[in-house]
Amino acid sequence: PRLLSQGTKGITAEIDRELSRTGEGKADKRATLEAMKIALEGLNAYARNLTAEAGRLASQESDPVRRQELLRLSEICSRVPLNPCTTLDEAVNALWIVWVGVHMENTNAGFSLGRLDQWLQPYFEADMAKIADENERRAYIRHALELIGCFYMRCTDHLPLIPDIGNHLFGGSSSDQAITLGGVTPQGEDAVNDMTYIFLKVT
């Protein structure tokens, strides 16, 4: 949620503030903070590569609908995860970019995507608030379902990078991505929301 709301730029600024308060005598802490910045820049570089690749594919695409999709993806990846997300499309793409980064750093051992309905609901609501026409709202909900469906498919076809010994020991093991839906809010209220039902419908 912090990455979606602050972007890597906001988190890097937090790290810089912490670095400014950390004396030279704390070399281990300073090295850890610097490593965090390098990892975040890695995510930004990956997003820039995705931006360029989507643009390249769009320039070669003959189908005008697909060309527009690719240009939109290029535009989204040029904004996130560097900057805070403002739309559901941006939030889902930022989430996936970061998830790929997590899997490149670690083997896929019990990672959980977390409470995606809670984290994505503000972006869904912000998008819906911009739409007054009922037919457009229905079309947007269909788009949200397709977007989450695509996200599910990415989760099922993503295989993390692991050492050869991992392939030997766990060859054929699937890449299982767990999410949590519903439940209660930190205040103890019902946490079920629109995105809960979108995830359930996609499932």
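The values are calculated or read from the model by the stated rules, or taken from the named source; none is laboratory data. From a predicted model like this one, the values you see are computed outputs, not experimental measurements. In this analysis, Cβ positions are derived from the backbone assuming ideal geometry, glycine residues included, and neighbour counts consider all displayed protein chains. Calculation scope for accessible area: heavy atoms of the full protein, side chains included, ligands and nucleic acids excluded. Shrake-Rupley method; radii C 1.70, N 1.55, O 1.52, S 1.80 Å.
Rank N135, Q177, N49 by how far each Cα sits towards the positive end of the charge dipole of the chain (+1 on Lys, Arg Cβ; -1 on Asp, Glu Cβ) and give me just the farthest.
Going by the charge dipole, the pick is N49.
Dipole magnitude of the chain about its Cα centre, charges +1 at Lys/Arg Cβ and -1 at Asp/Glu Cβ only, in debye to the nearest 20? Don't skip to the answer; put the middle values down first.
Working: 21 positive and 28 negative charges, 74 e Å.
Using only the charged Cβ atoms, the result is roughly 360 debye.
Could you give me D for segment 1-55, from Stokes-Einstein at 10 °C and 1.306 mPa s, where the hydrodynamic radius is the Kirkwood radius over C-alpha pairs? Units µm² s⁻¹, please. Kindly include the intermediate steps, with their values, before the conclusion.
Working: Rh = 12.4 Å.
Calculated translational D: 128 µm²/s.
Can you give the net charge of the other residues whose Cβ lies under 15 Å from the Cβ of V80, counting K and R as +1 and D and E as -1? Don't skip to the end; give the middle numbers.
Working: positive: R2, K9, R48, R72, R79; negative: E41, E75, D89, E90, D127.
So the surrounding residues net to 0.
With +1 on each Lys and Arg Cβ and -1 on each Asp and Glu Cβ, and nothing else charged, work out how big the dipole of segment 1-93 is about its Cα centre, in Debye to the nearest 20.
Working: 14 positive and 14 negative charges, 44 e Å.
With Lys and Arg at +1 and Asp and Glu at -1, about 220 debye.
Give me the angle, in degrees from 0 to 90, between the Cα long axis of helix 88-105 and the longest principal axis of the Cα atoms of the chain, rounded to the nearest 10.
Roughly 40 degrees between the two axes.
HN-Hα J couplings of segment 188-201 from phi, Karplus 6.51/-1.76/1.60, θ = phi - 60°, integer Hz, Gly and Pro as x?
Once θ is set to phi - 60°, the couplings for segment 188-201 become x, 8, 4, 9, 5, 9, 4, 5, 4, 5, 5, 4, 5, 4 Hz.
What residue among H143, H168, H103 shows peak mean-square fluctuation when the chain is described by a Gaussian network model with Cα springs under 10 Å?
H168
What aspartates and glutamates sit close enough to K26 to cross-link, taking a C-alpha to C-alpha distance under 16 Å and skipping anything fewer than 8 places away on the same chain?
D16, E18, E34
Once the other residues with Cβ under 13 Å from the Cβ of E69 are scored (Lys, Arg +1; Asp, Glu -1), what is the net sum? Walk me through the numbers on the way to the answer.
Values: positive: R66, R67, R72; negative: E61, D63, E75, D89, E146.
Surrounding charge for E69 is -2.
If you count only protein heavy atoms with a 1.4 Å probe, what accessible area per residue comes out for segment 42-99, rounded to a whole Å²? Mind showing how you got there, number by number?
Numbers: 2870 Å² over 58 residues.
Value returned for segment 42-99: 50 Å² of accessible area per residue.
Which lysines, on any chain, are close to K29 with Cα under 22 Å apart, when same-chain ones fewer than 8 places away are left out?
Here the lysines satisfying the reach criterion relative to K29 are K9, K37.
Just the number, please: Stokes-Einstein D of the chain in µm²/s, Kirkwood Rh from C-alpha pairs, 10 °C, 1.306 mPa s.
84
Express the carbon and sulfur contribution to the solvent-accessible surface of segment 1-77 as a percent, rounded to the nearest whole number, probe 1.4 angstrom.
Values: 2750 of 4870 Å².
That fraction is 56 percent.
If I model a spin label at T185 and K26 as a point 7 Å from the Cα along the Cα→Cβ vector, what separation in nanometres do I get?
Using points 7 Å along Cα→Cβ, the separation is 3.5 nm.
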